[in-house]
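Encoded as C-alpha cells, the structure appears first; notes follow it.
Any read-out appearing in this document is the output of simple, stated calculations on the displayed coordinates, not a laboratory observation. The model shown is predicted, which means the values in this text are computed figures rather than measured ones. Glycine gets a Cβ as well: all are built from the backbone with ideal geometry, and neighbour counts include every protein chain shown.
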Amino acid sequence: MGRNLYRRISYARKRKLKALSRFLSIATVFAILALLVSYVQKRVIPYLVEISEFRAKSIITMTVYNAVSECFTEEIHYDDLVTLERNEDGVITSIKTNVSAMNSLSAQISTNIQKRLIALESESIVIPFGVLLGDTIFTSVGPDLHIKITPYGNVATDFMSEVIPISEDQTKHKLYLQVKTSIAVLIPLIPQRTEIVTNIPVAESVIRGKIDEECFLQLNGKIKI
C-alpha cells in the first residue's frame, strides 16, 4: 500500500516536471521569437528602408543628371534666358525671362526624365543581407535582397532664381532647374514612397550695377513661366 502511494506521488511529480519543462520550452521559444520580431521592427526594417532610399536617391539623381545632359546639347547662355531693364539712372528695375525658351526646355527635360525613369522599372537595388546587421564583418555576406524601384506620378520641373550680393554694385544671379520626382521603393511588406528634389545649374552671370530693392526680392525663388 505504501509503495503504491509512493509510486503515485512520484509519477505525479514527474508529470508536473514534464509539464513545467514543456511550458518553459514553449515560453522560451515565444520569448526568442518576440525578441527577434522586436529587433527586426526596431533595427532591421528602419535600416533596410534607410539604405534602400539612399541608394534609390543616388540612382534617380544620376538618372536626372544624365537626362538633363542630353537636353543641353549646346551651352545655354544667360543672355538667352534673361533680359535686364534699367531706368534712367542705370538702376536695374526689372529682369525679364525668356518664357518661350524656358517652357520648351522644361518640357523637353521632363519628357526625357520620365522616359528614363520608366526604364528603371526593370532594374532593382541589390542589398546583401549582411548589410542589415550593421557595420560588421558580415556586411557583404549572405543572400542578396532585390528591391524594385518604380516611378510614381509625373516629373515636375521649375526654374529657380537666386541672387548673391558680391559688392555694392555687383550681384551674382544664378538660374537653376529644380526637378521633383516621386518614386516607390518596393520593400516587401513595407513599400515606401519618397520625393527626390534635384537642383541643376543652368546659367549664371554677374550683374553690374544697382538693383532695385523690390526687383531684388523677386529674384529669389521660383520663376513664373
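Tabulated data
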| read-out | value |
| --- | --- |
| Under 5 Å, built H, 5+ apart or other chain: amide partners of I207 | T171, K172, H173 |
| Residue pairs, from the table K115/K174; K96/K180; K148/K180; K115/K172; K148/K174, whose Cα atoms sit over 30 Å apart | K115/K172; K148/K174 |
| Where GluC sites (Glu not before Pro) fall in DSSP loop in the stretch 55-94, at most 15 other Cβ within 10 Å | E74, E75, E88 |
